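One structure below.
The values are calculated or read from the model by the stated rules, or taken from the named source; none is laboratory data. Because the structure is predicted, anything quoted here is derived from the model rather than measured. With ideal geometry, Cβ positions are generated from the backbone for all residues, glycine too; neighbour counts draw on all protein chains shown. We work out accessible area using only protein heavy atoms, side chains counted, and drop any ligands, DNA or RNA first. Shrake-Rupley method; radii C 1.70, N 1.55, O 1.52, S 1.80 Å.
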Amino acid sequence: MTSRREEKKQQSYQTIYQTALTLFEEHGFDNVSVAQIVKQSAVAKGTFFNYFPNKTDILAQWFDDIMGAAIEQPTPKNIPLKDKVLSLVKHTLLLTQQQPNLWKAKNAYAGQSDSIQKVEQRIDQIIQSKIEQFIEHSLSQQYTNGPILAELIVTLMTGTIVEANRKGLSDNTLALIESKLSKLLSLAQVETI
């Protein structure tokens, strides 16, 4: 049972978080100040910093939340490995594309924000583990390179997403990943599975 104080803390956190996300999406991350967030949230500036050391920590939390939701989406069991991976990619892209200003800001600040980088690394590890499970269930027991293949698939996914964003090809991200994934699986000699 949570105390009234804990409930109030959680409510303050959620108010600040949701208000910031709304403002970022409506006005763009760079156009929103902490002062605007606290004013709209009806909290003191110090309260903001009790929960978020800076604005990019809100982006990190948002990315963590949406990636968690994408990873938790069920994947059909009796489909080829490639389709399982693409299903995971589709869930991820769908959720990120629903909030394009947040997605752009997360990508723009990822190189400068330790909190975003930590979330990205943790999410990559979770996705790699999930893909390792896909490989175990999709390939024969004799296939011993599952962890290496999973790591390569995650690298392919993240690299292609970054490349597509930088080149303005985000509408084609899924097709780019599918093409590269087909080549990788062919090279790994698992294209027919």
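Among rounded, prolate and oblate, which fits region 105-193 when a ≥ b ≥ c are the square roots of the eigenvalues of its C-alpha gyration tensor, a/c under 1.5 means rounded, and a/b larger than b/c means prolate? Verdict is oblate for region 105-193.
How large is the helix-only mean residue ellipticity at 222 nm for the chain, computed as the sum of -39500 (n - 2.57) over DSSP H runs with n ≥ 4, divided by its residue count, in deg cm²/dmol to the nearest 500?
Values: 9 runs with 145 residues, N = 193.
So the calculated ellipticity at 222 nm is -25000 deg cm²/dmol.
Computed 3J(HN,Hα) for region 49-58, one whole-Hz value per residue from the Karplus formula 6.51 cos²θ - 1.76 cosθ + 1.60 where θ = phi - 60°, is 6, 5, 9, 9, x, 7, 5, 5, 5, 5, glycine and proline marked x. Inter-label distance, Asn78 to Gln125: 3.6 nm, where each label sits 7 Å from its Cα along the C-beta direction. Measure out, as a whole number of angstrom, how far apart the alpha-carbon centroids of region 79-95 and region 14-36 sit. What the calculation gives is 30 Å, centre to centre. At an R0 of 41 angstrom, the distance between the Cβ atoms of Gln133 and His27 translates into a FRET efficiency of 0.50. For region 62-193, the relative contact order comes to 27 percent (Cα pairs under 8 Å, sequence separation of at least 6). Using a cutoff of 8 angstrom between alpha carbon atoms and counting only pairs six or more residues apart, the relative contact order for region 119-193 works out to 28 percent.
Model label points for Asp114 and Lys45, set 7 angstrom from Cα along the Cα-to-Cβ axis, are 2.3 nm apart. Surface composition of the chain: carbon and sulfur atoms hold 50% of the protein heavy-atom accessible area at a 1.4 Å probe. Per-residue 3J(HN,Hα) values for region 118-133, derived from phi via the Karplus relation 6.51 cos²θ - 1.76 cosθ + 1.60 with θ = phi - 60°, read 5, 5, 4, 5, 5, 5, 4, 5, 5, 5, 4, 4, 5, 5, 4, 5 Hz in sequence order (x marks Gly and Pro).
Each pair of Cα atoms in region 44-193 enters the Kirkwood radius, and Stokes-Einstein at 25 °C and 0.890 mPa s then converts it into a translational diffusion coefficient of 150 µm²/s. Accessible surface for the chain, divided over its residues, is 58 Å² per residue with a 1.4 Å probe. For region 1-152, the Cβ-based charge dipole about the Cα centre amounts to some 380 debye (Lys, Arg positive; Asp, Glu negative; other atoms uncharged). For the chain, find the longest principal axis of its Cα atoms and tell me its angle to the long axis of helix 100-109, 0 to 90°, nearest 10. It works out to around 90 degrees.
Rounded to the nearest whole Hz, the Karplus-based 3J(HN,Hα) values (6.51 cos²θ - 1.76 cosθ + 1.60, θ = phi - 60°) of region 178-183 follow the sequence 4, 4, 5, 5, 4, 5, with x at glycine and proline.
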